[in-house]
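Trainee: Shown below is the structure under consideration.
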Amino acid sequence: MAEETITLEVTRYRPREDREPRAQAFTVPYRKDWVVLDALNHIKDRVDGTLTYRWSCRMGVCGSCGMMVNGVPKLTCAAFLRDYLPGPIRVEPLAYFPVIRDLVVDIEDFMGKLRRVMPWIIRRTEQPLTAGEYRQTPAQLEAYKQFSMCINCMLCYAACPVYGLSPLFIGPAAIALGYRYNLDSRDEGYHLRQPILAEAVGVWQCTFVGECSAVCPKGVDPAAAIQRSKVAGAKDWFLSILLPRGGRS
Amino acid sequence: MSAPPAPRPGLYYPKMPATWWLRRPAYLRFMLREVSSVFIAIFLAVLMVQVYRAGQGPEAYAAFLERLASPGWIAFHAVALGFALYHSVTWLKLTAVVQVVRLGEHQVPPRLVAAGAFAFWGILSLAILFAVLLRS
Amino acid sequence: MLQHDVLVIGGGGAGLRAAIAAAEESDRLSIGVLSKVYPMRSHTVSAEGGTAAVMRENDHLDFHAKDTIFGGDFLSDQDAVEVFVREAPAEVIQLEHWGCPWSRDPDGRVSVRPFGGMTVNRTLYAADKTGFHMLHALFQTSLKYEKIVRYDEWFATSLLVEDGKVCGVAALNLHDGQVSPVTAKAVIICTGGGGRVYPFTTNAAIKTGDGMALAYRAGVPLKDMEFVQYHPTGLPGTGILITEASRSEGGHLKNKDGYRYLQDYGLGPPTDKPVHRKMELGPRDILSRCHIQEYQKGRTFDGPYGHYVHLDLRHLGEKVIDKQLPFVRELTRNYVGIDPVHEPIPVRPVVHYMMGGISTDLDGATVLPGLYAAGETACVSINGANRLGSNSLTELLVFGARAGRAAARDALGRPPIRSNPLAQLAADERRRLNERFLRADGRERIAEIREEMQKAMEKGLGIYRDRATMQETCKTLRHLRERFAHVGLMDRDAVFNTELIAALELESLLHVAETIAHSALAREESRGAHTRTDFPKRDDTRFLKHSLATHTPDGPRIDYSPVTITRWPPEERKY
Amino acid sequence: MSTRKTSEPFWWGLFSVGGVVAAFLVPVHLFIHGLAVPLGWIAFPHARMLALVGQPLVKVYLFVLIALPLYHWAHRFRFVLEDLGLHALRAPIAVGCYGSAVAGTVGTLWVLLRL
């Protein structure tokens, strides 16, 4: 009996030899419970050991295996072959990022930006551990929880044409994480963090395409975080005009 | 603003063609949304001229209205109305996501906020139409 | 040359906690964190249920200690457990101060939930993404420390040892393929476990026991490797973890007759509300064995991925599931197309955690001067023969921090490292990788050897074990090691050579598999997760001791060391 | 506040307000003035028009209706041009767009105050 198969058109790029990426077709067995990542693993283990990509948890939480599947940023561990029948399926590296090799992109730019938004709790005075936890009501937790769900998978950057056009843009995930700490009732670092979010290359670059939120596998809604930071930034700006010396310190 | 990161050798830097917004339906919808502002602006400029013509006297005003009745302008305004409606729908939907509305401890779901905004928009539009009809 | 005072290998929970602890110990220290993946990709991210610490008035350090020791079938070192429970509360509060979004009670205190084998509610949680939130809180906090220098996507290929002291590692930078020495006065291994020696595991692809093998190859013994924990509730096929929290929130395990079978195995009586240590809140080793026995009685379901039972959450209702177990719902919907609000979840036991690891003292120090270890990769040992759920996240905090501080103090007291001999050692390592993998023309395929190893491990070192099959597995593993010498790579590129990484990982896996198999073969008793059909009873006279596997050219040599008993003399383990 | 001064919040603020005005008010006016009146569905003779715009409140209303959405247009059009690849011309584009909106505002004021 002939085995059912499906074809993947996978982007290949060897930095030492290729000037441009090219597509290579692989035909793999089709199984209805296989995801795109399973197909890639099949190719790597049995067909071509040089195929290069990242993956790890296979349960949608480590954020390693983001790629463009038929032009849309996806976690390949959660993209089932059956949803792309009859194929072929185009598998490309995440858009707008520099490509290191094949399906592996360079995310150092994001790592730097993440650090810039100071994604940690900032306090004027640190309560000693012996005094126990900072109290935080379930409602206070709810206020920022959604924005703490980011797995740094970079799908939002790959969906964001603004990032593609202007790589200086801080971008959806980093802004959402900065905003997450601004919303945390334990944090007192708004005055340090918000100016970074509200820089010219920060929230103001965003034109609210909204695709970052559409592709987010964790429902973070970075677009909302960005727009709300704009509202806060505009408020701060007009306040600083009205009360040049007062307002928020 | 810091300088753009220097390209590193060995990496492939993808280029962004000027037609990027044709690549995905969502991008195209975004572009149409942005372009709606052009149609709105043109309409408002026309409205301003209409007010100006009214100040110049009945003849100038009538001539202007006649010009507006030409098929070209009617077509333009029909298209512009489509864009204006598209702007309103997208704007109100997105505003509901951006503007957190709280009732006590709880956040009002964005869908509900949007529904409220749409209702307000409808009532306001009817009121304006009614006011114009009454006066004319 | 890349030089640091303290070098942490692995950027997961334990590694980041150790790095921060070292950074806070002294301003004068430079700290490196070297990891084969970006820190936020580490497997800590997949932990779900929670982290245990005594937080409430109705609890006591001694209760936590007793539960842990009892759960570990008295193989835990009790001095280590006492340190562990004592330092746990401050560690979880520290993490709270660092922004971890713990679930909260209405009064603003962190919430606690029951967990398997615990007598009191003491498991803090962030819904059912506790590991994810802990890892990201630690990672994001670590960004605050400028003296923590990261080497993301670097693979440590060997320890550099000079004059009997660890002086750093040789490491492969994935981005350019260069092997460089990274020197340090103290090295902390925090690379997690090696669940990938088995075919069916909750463990991520990266969990290949690299750190264990690194230490083992340098002559450090691996302790209690025979104890491998099966988690009773993984999804068939993928092995995706369905957290124990789904049972502590009140979920029921049912066989194909819809019967809560755990009551037949001394865990009853069944109650509607979960009762500590009863029924579904029994310890993982026992629940996994019950599953196999149900299967043998023909009372499990049969599916394309073998036998399974049902984890039924329907009676909890949508509200509870969405608030306390949103990830379970997300996972089952995405991966098996089942909504736990309306349908029971198919589950079966799956390899989850290694109680054993690099043998360390209470400060994470190994017998090799300058080398430390913490987290799943280490064996302190607090988990004994069976770890209780939610102790591992606490362990990586407590012993990660202790190892970080101890390594920092160690580094402060050591003279500068002489770099010349190390450059030579690293050059040797570069040559080894080149000749062994990149220029070799072997015919053996990585995937084939890996799959045969996994099959052999599942067969001989599963939930139930006996001498004959284990001997067979030992033989197979030895044979695979010989085949591995002839492994051939298709990928000869320097840049991001993941096939080379896969080969190095397979080398680690084979070492780890052998230590598991040989340690298990030598332990002729049943204790905790190590169950032998030919020796069904615990034997305190002969085996109340830790096994130590030491590397020799002919495979692991097994020795023993005593278990530290302080206040809890061994007794029969009955729930 | 140590924020590096950027005028972006100011223009974004005007853009937002203009967007709100455009969303709520423009469609119905577009319908009336662009279609209904020219097509004769509604009569809108000169006398009524003049009487209407002579009222101060109506003048304010017309100012809001016409001037504010111009900033909405300016902001969006600026980014549309950038999106189409004119990145190198960012500064002149911004000046041109916002400048046009300011000119439109002055023009609107001039027309309304002359009446």
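The values are calculated or read from the model by the stated rules, or taken from the named source; none is laboratory data. Keep in mind that what you see is a predicted model, and the values were worked out from it rather than measured. We place every Cβ from the backbone using ideal geometry, glycine too, and count neighbours over all the protein chains shown. Areas reflect the complete protein model, heavy atoms only, side chains present, ligands, DNA and RNA absent. Shrake-Rupley method; radii C 1.70, N 1.55, O 1.52, S 1.80 Å.
Trainee: Quick test of your reading of the structure: D:ARG114 fulfils all but one of (1) basic (Lys, Arg); (2) facing another protein chain (nearest Cβ under 7 Å); (3) surrounded by 14 or more Cβ atoms within 10 Å (Cβ to Cβ). Name the failing condition by number.
Mentor: (3)
Trainee: Within the range B:13-23, track down each residue that is crowded, with 16+ Cβ neighbours inside 10 Å, more than 9 Å from chain D (Cβ to nearest Cβ) and not in a loop (DSSP other than H, G, I, E, B).
Mentor: none
Trainee: Could you please give the count of residues in the range A:56-91 that are at the interface with chain C (Cβ under 7 Å from one of its Cβ atoms) and within 15 Å of the chain's Cα centre (by Cα)?
Mentor: 5
Trainee: Okay, next question. Could you list, in sequence order, the residues of the range C:104-126 that are open to solvent by 10 Å² or more (accessible area, probe 1.4 Å) and over 20 Å from A:GLU126 (Cα atoms)?
Mentor: Hits for the range C:104-126 are C:ARG104, C:ASP105, C:PRO106, C:ASP107, C:VAL112, C:PRO114, C:THR119, C:VAL120, C:ASN121, C:TYR125.
Trainee: Moving on. Please verify whether the range C:525-536 includes one or more residues that are in a loop (DSSP other than H, G, I, E, B), open to solvent by less than 10 Å² (accessible area, probe 1.4 Å) and closer than 30 Å to A:GLU17 by Cα.
Mentor: no
Trainee: In the list A:LEU94, A:LEU51, A:LEU40, which residue meets the criterion of being part of a loop (DSSP other than H, G, I, E, B), surrounded by 19 or more Cβ atoms within 10 Å (Cβ to Cβ) and more than 9 Å from chain C (Cβ to nearest Cβ)?
Mentor: Criteria check complete, one pass: A:LEU94.
Trainee: Among the residues of the range B:68-83, is any open to solvent by 70 Å² or more (accessible area, probe 1.4 Å), closer than 17 Å to D:ILE32 by Cβ and within 8 Å of chain D (Cβ to nearest Cβ)?
Mentor: Looking for residues that are open to solvent by 70 Å² or more (accessible area, probe 1.4 Å), closer than 17 Å to D:ILE32 by Cβ and within 8 Å of chain D (Cβ to nearest Cβ), one finds at least one in the range B:68-83, hence yes.
Trainee: If a residue must be part of a helix (DSSP H, G or I) and not acidic (Asp, Glu), how many such residues does the range A:204-217 contain?
Mentor: 6
Trainee: Limited to the range C:304-335, what total is found for residues that are buried (at least 17 other Cβ atoms within 10 Å of the Cβ) and facing another protein chain (nearest Cβ under 10 Å)?
Mentor: 5
Trainee: Report the residue count in the range C:424-463 for those that are open to solvent by 40 Å² or more (accessible area, probe 1.4 Å) and touching a Pro at 6+ places or on another chain (Cβ under 6 Å).
Mentor: 1
Trainee: Right, something else. Does any residue of the range C:392-403 turn out to be assigned by TED's automatic domain parsing to the domain that holds C:GLY72 and among the aromatic types (Phe, Trp, Tyr)?
Mentor: Yes - at least one qualifying residue is present in the range C:392-403.
Trainee: Every residue in the range C:10-61 that is open to solvent by 30 Å² or more (accessible area, probe 1.4 Å) and farther than 30 Å from C:ALA204 by Cα, please.
Mentor: Selection gives C:GLU24, C:GLU25, C:ASP27, C:ARG28, C:SER30, C:MET55, C:ARG56, C:GLU57, C:ASN58, C:HIS60, C:LEU61.
Trainee: In the range A:110-150, what count of residues is obtained for those that are within 8 Å of chain C (Cβ to nearest Cβ) and either in contact with a His (Cβ under 6 Å, 6 or more places away or on another chain) or of a type in the set (Phe, Trp, Tyr) (or both)?
Mentor: So the count comes out to 3.
Trainee: A follow-up question, please. With more than 27 Å from C:GLU376 (Cβ to Cβ) and among the aliphatic types (A, V, I, L, M) as the only criterion, which of C:ALA427, C:ALA502, C:ALA513 stands out?
Mentor: Answer to the selection: C:ALA427.
Trainee: Is it the case that some residue within the range C:227-239 is of a type in the set (Val, Ile, Thr), closer than 26 Å to C:ARG333 by Cα and surrounded by fewer than 22 Cβ atoms within 10 Å (Cβ to Cβ)?
Mentor: Scanning the range C:227-239 turns up at least one residue that is of a type in the set (Val, Ile, Thr), closer than 26 Å to C:ARG333 by Cα and surrounded by fewer than 22 Cβ atoms within 10 Å (Cβ to Cβ).
Trainee: Give the range C:127-158 a look and list any residue that's surrounded by fewer than 21 Cβ atoms within 10 Å (Cβ to Cβ), without any contact (Cβ under 8 Å) to a residue 60 or more places away in the chain and either not in a loop (DSSP other than H, G, I, E, B) or not assigned by TED's automatic domain parsing to the domain that holds C:SER390 (or both), or say none.
Mentor: Matches in the range C:127-158: none.
Trainee: Identify, from the list A:PRO167, A:PRO128, A:PRO195, A:PRO138, the residue that is outside the structural domain of A:LEU40 (by TED's automatic domain parsing) and within 16 Å of the chain's Cα centre (by Cα).
Mentor: A:PRO167
Trainee: If you scan the range D:53-75, which residues turn out to be modelled with pLDDT under 90 and facing chain B (nearest Cβ under 7 Å)?
Mentor: D:VAL53
The rows are residues; the columns are (1) farther than 30 Å from A:ARG54 by Cβ; (2) open to solvent by less than 10 Å² (accessible area, probe 1.4 Å); (3) hydrophobic (A, V, I, L, M, F, W, C).
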{"residue": "A:MET118", "(1), (2), (3)": "no, no, yes"}
{"residue": "A:ARG123", "(1), (2), (3)": "yes, no, no"}
{"residue": "A:THR130", "(1), (2), (3)": "yes, no, no"}
{"residue": "A:GLN136", "(1), (2), (3)": "yes, yes, no"}
{"residue": "A:CYS153", "(1), (2), (3)": "no, no, yes"}
{"residue": "A:TYR157", "(1), (2), (3)": "no, yes, no"}
{"residue": "A:PHE169", "(1), (2), (3)": "no, yes, yes"}
{"residue": "A:PRO172", "(1), (2), (3)": "no, yes, no"}
{"residue": "A:LEU183", "(1), (2), (3)": "yes, no, yes"}
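Trainee: One residue is enough: does the range B:90-103 have a residue meeting the conditions within 20 Å of the chain's Cα centre (by Cα), open to solvent by 30 Å² or more (accessible area, probe 1.4 Å), basic (Lys, Arg) and within 14 Å of chain A (Cβ to nearest Cβ)?
Mentor: Within the range B:90-103, one or more residues are within 20 Å of the chain's Cα centre (by Cα), open to solvent by 30 Å² or more (accessible area, probe 1.4 Å), basic (Lys, Arg) and within 14 Å of chain A (Cβ to nearest Cβ).
Trainee: Has the range D:23-32 got at least one residue that is at the interface with another protein chain (Cβ under 7 Å from one of its Cβ atoms), of a type in the set (Phe, Trp, Tyr) and surrounded by 15 or more Cβ atoms within 10 Å (Cβ to Cβ)?
Mentor: yes
Trainee: Going through the range B:34-58 one residue at a time, which ones are facing chain D (nearest Cβ under 7 Å) and open to solvent by less than 10 Å² (accessible area, probe 1.4 Å)?
Mentor: Of everything in the range B:34-58, those that are facing chain D (nearest Cβ under 7 Å) and open to solvent by less than 10 Å² (accessible area, probe 1.4 Å) turn out to be B:GLU34, B:SER37, B:ILE40, B:PHE43, B:LEU44, B:LEU47, B:GLN50, B:VAL51, B:ALA54.
Trainee: Cβ-Cβ distance below 8 Å, separation of 6 or more or different chains: which pairs start in the range C:330-343 with a residue that is free of Cβ contacts under 8 Å to residues at least 24 places away in the same chain and end on one that is in a loop (DSSP other than H, G, I, E, B) and surrounded by fewer than 17 Cβ atoms within 10 Å (Cβ to Cβ)?
Mentor: Here the result reads C:ARG333/C:ASP339, each pair linking the range C:330-343 to a residue that is in a loop (DSSP other than H, G, I, E, B) and surrounded by fewer than 17 Cβ atoms within 10 Å (Cβ to Cβ).
Trainee: Scan the range D:79-103 for residues that are in contact (Cβ under 8 Å) with a residue 12 or more places away in the chain and either surrounded by 23 or more Cβ atoms within 10 Å (Cβ to Cβ) or facing chain B (nearest Cβ under 7 Å) (or both) and jot them down.
Mentor: D:ALA101 - this is the single residue of the range D:79-103 that is in contact (Cβ under 8 Å) with a residue 12 or more places away in the chain and either surrounded by 23 or more Cβ atoms within 10 Å (Cβ to Cβ) or facing chain B (nearest Cβ under 7 Å) (or both).
Trainee: Check D:PRO9 against each of (1) more than 8 Å from chain B (Cβ to nearest Cβ); (2) farther than 26 Å from B:PHE120 by Cβ; (3) open to solvent by 20 Å² or more (accessible area, probe 1.4 Å) and name the one condition it does not meet.
Mentor: In the conditions (1) more than 8 Å from chain B (Cβ to nearest Cβ); (2) farther than 26 Å from B:PHE120 by Cβ; (3) open to solvent by 20 Å² or more (accessible area, probe 1.4 Å), D:PRO9 misses (3) alone.
Trainee: Looking at the range C:62-82, which of its residues are open to solvent by 10 Å² or more (accessible area, probe 1.4 Å) and either within 14 Å of another protein chain (Cβ to nearest Cβ) or closer than 25 Å to A:PRO128 by Cα (or both)?
Mentor: Within the range C:62-82, C:ASP62, C:GLU82 meet the criteria.
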